[in-house]
Amino acid sequence: MFSKLKILLTIFILFELISCKIDYKTNRIIGQYTFDTITFNDTNVKGELITNTIIFEKNNQIYLPNNINESNEKKANWSIIEGDLIKIESSNKIFNGNYKFKYIYDNLKKRHGIELKSKTTQLTIHKLLPSY
């Protein structure tokens, strides 16, 4: 009886630790960002975007900038699908896909950011406001 309780308690603690880690990653990503760089199929497309911001929300929605040449949805969905992979589901071909991500920090501007890389798109984005 005691060993079953230990096993259940161990499983519960592991589940809680995993949940906290996922929530921490999600909460760290949430926010408003500006683009430093964005390339699609090795071409700089920053000038083709109507705005220079991207917003990750808690409800797994993301606000994407529209392209000058295309009419596409501004709101899409995002989720962390593995440890260092973000999935963005959008009709916008520039942003749609799975991205390997890495947290970065700009010491000069004192801003946190993220590098995102998919098969076709590479982004470097920084939080809109400095982090103190």
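Bear in mind that the values in this text are calculations on the coordinates, not laboratory data. Note that this is a predicted model, so its numbers are computed, not measured. Here the Cβ positions follow ideal geometry from the backbone for every residue, glycine too, while neighbour counts run over all protein chains shown.
Side notes on the structure shown:
- Gyration tensor verdict on the stretch 31-127 (Cα atoms; rounded if a/c is under 1.5, prolate if a/b is larger than b/c, oblate otherwise): rounded
- Over 20 Å (Cα to Cα) - which of Lys25/Lys109; Lys100/Lys127; Lys102/Lys127; Lys25/Lys102 fall in this group: Lys25/Lys109
- Inter-label distance, Ile30 to Leu108: 3.2 nm, where each label sits 7 Å from its Cα along the C-beta direction.
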